[in-house]
Amino acid sequence: MPTVFTKIIDGDLPGRFVWTDDVAVGFLSINPLAPGHTLIVPRVEVDHWIDAEPSLLAHLTAVSHAVGDAVRAVFAPPRVGFVIAGFEVAHLHLHVFPAWDMATFDFANAATSVDAAEQDGHRDALRAALRAAGHGAFVPAQDVGPA
């Protein structure tokens with residue numbers, strides 16, 4: 001049975017995408033720790049990060065770095081958070097988000113609802129920053145999935 005992330009990647013569920021390539025995607029979290037919280041997810045279903053091939057982890061980290069640079073450019077936080085947790089969905093995903101303090105890393109503080117227009121704005125700002133940094137080939141022009 002496909003994971004919820006596979007359903008988003010396949011377009012069966014909506015997602016606000018900021019990155020797509022042949023190996024991974026990046027889309028905004030529906031329960032963000034902070035504005036612009038992005039999940040970097042491999043297209044292949046791998047549950048635990050230690051089960052992923054090293055080359056896949058290297059690619060996910062490189063994408064996370066590019067998205068992290070965009071997060072820093074857009075939101076100007078003192079730090080950019082990077083977490084691999086894995087308890088929410090049994091499909092490897094890396095969390096990249098602006099962090100203002102250690103409380104930002106606490107998943108108990110994640111938003112339980114988000115404003116759609118605000119999320120669209122965060123997506124658009126991150127896409128623009130990624131394009132400006134030379135990653136335009138990986139920035140989708142539109143989201144996939146049902147509206």
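Just the residues that are in contact with a strand residue (DSSP E or B) (Cβ under 6 Å, 6 or more places away or on another chain) and more than 20 Å from Ala66 (Cα to Cα), please, taken from the stretch 84-103.
None - no residue of the stretch 84-103 is in contact with a strand residue (DSSP E or B) (Cβ under 6 Å, 6 or more places away or on another chain) and more than 20 Å from Ala66 (Cα to Cα), so the list stays empty.
Say whether the condition of being out of contact with any strand residue (DSSP E or B) (no Cβ under 9 Å at 6 or more places or on another chain) and either under 15 Å from Leu28 (Cα atoms) or modelled with pLDDT under 95 (or both) is met by at least one residue in the stretch 71-83. Walk me through how you get there before you give the answer.
Applying the first criterion (out of contact with any strand residue (DSSP E or B) (no Cβ under 9 Å at 6 or more places or on another chain)) to the stretch 71-83 yields 73.
Pick out the ones that are also either under 15 Å from Leu28 (Cα atoms) or modelled with pLDDT under 95 (or both) and you get none.
Within the stretch 71-83, not a single residue is out of contact with any strand residue (DSSP E or B) (no Cβ under 9 Å at 6 or more places or on another chain) and either under 15 Å from Leu28 (Cα atoms) or modelled with pLDDT under 95 (or both).
Could you run through the stretch 98-134 and say how many residues are touching a residue at least 60 places away in the same chain (Cβ under 8 Å) and closer than 14 Å to Phe17 by Cα?
Residues flagged as touching a residue at least 60 places away in the same chain (Cβ under 8 Å) and closer than 14 Å to Phe17 by Cα within the stretch 98-134 amount to 9.
Residues checked against (1) hydrophobic (A, V, I, L, M, F, W, C); (2) more than 16 Å from the chain's Cα centre (by Cα); (3) farther than 21 Å from Ala110 by Cα:
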{"site": "Asp12", "(1), (2), (3)": "no, yes, yes"}
{"site": "Ile30", "(1), (2), (3)": "yes, no, no"}
{"site": "Pro42", "(1), (2), (3)": "no, no, yes"}
{"site": "Val80", "(1), (2), (3)": "yes, no, no"}
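Any idea how many residues of the stretch 123-142 are within 16 Å of Val67 (Cβ to Cβ) and in a loop (DSSP other than H, G, I, E, B)? Before the answer, list the steps.
Start the filter on the stretch 123-142 by keeping residues that are within 16 Å of Val67 (Cβ to Cβ), which leaves 123-140.
Remaining after also requiring in a loop (DSSP other than H, G, I, E, B): 133-135, 139-140.
Counting residues in the stretch 123-142 that are within 16 Å of Val67 (Cβ to Cβ) and in a loop (DSSP other than H, G, I, E, B) gives 5.
Could you check Ala141 against (1) surrounded by fewer than 19 Cβ atoms within 10 Å (Cβ to Cβ); (2) more than 24 Å from Pro14 (Cα to Cα) and say which number it fails?
It is condition (2) that Ala141 fails.
Tell me, which residue of the stretch 5-57 that is modelled with pLDDT of 95 or more and among the small types (Gly, Ala, Ser) is nearest to Glu118 (Cα to Cα)?
Gly36
Go through the stretch 8-25 and count every residue that is more than 21 Å from Gly121 (Cβ to Cβ) and touching an Asp or Glu at 6+ places or on another chain (Cβ under 7 Å).
Number satisfying all stated conditions: 0.
The values are calculated or read from the model by the stated rules, or taken from the named source; none is laboratory data. Remember, it's a predicted structure, so these values are computed and weren't measured experimentally. Virtual Cβ from ideal backbone geometry, glycine too; neighbours counted across all protein chains shown.
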